[in-house]
Amino acid sequence: MSSPSPRKPHYDEPCRALGEQRTDAALDALVRGIIGRIADQWTMLCLEVLADHGRLRFGRLAQLIGDVSQKMLTKTLRQMEADGLVTRTVYPVVPPRVEYELTPIGLSLGAAFCGVWLWAEEHHDAIVASRAAFKARQADD
């Protein structure tokens, strides 16, 4: 007889650990969808750069992010615009001038993710040590 497989944690367990109950299915779906859209490196970097520098043109944003393709940055900004995180302003000049800026929702999301940076800073040494130990174990195998 095999032992039951360990239970997979639910995405909202940190909230429930704080005593918050999640019972609204529509809200659950929205949270899952938003996490799926924003939990990638390019969205997070766009949030950070736009929060630090304010309104930016596409080329300057790409330059400040670094190592992002034009296609990926365009896709990321379109998703962020669709979710109401950025505004895209097109000026009727030749050549076209387009600027991006965080909306109040985008700014609040950036503030919410500030906790991730604080967490990473607090646990940096432990994570680095854990990765080194894991790499050493893998080399021994």
Exercise. Can you list residues whose amide H is under 5 Å from Thr103's amide H, if they're 5+ apart or on another chain and H is modeled 1.01 Å from N?
Worked result: Val86, Thr87
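Checking the a/c ratio against 1.5 first, then a/b against b/c, what shape does the Cα gyration tensor give for region 40-140?
Note, shape of region 40-140 comes out prolate.
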Seminar exercise, completed: Given 97-106, 122-131, the highest-first ranking by average Cβ count within 10 Å works out to 97-106, 122-131
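Rule-based calculations on the coordinates, nothing more; no lab input. Note that the coordinates shown come from a computational prediction; the quantities given were computed from them, not determined experimentally. With ideal geometry, Cβ positions are generated from the backbone for all residues, glycine too; neighbour counts draw on all protein chains shown.
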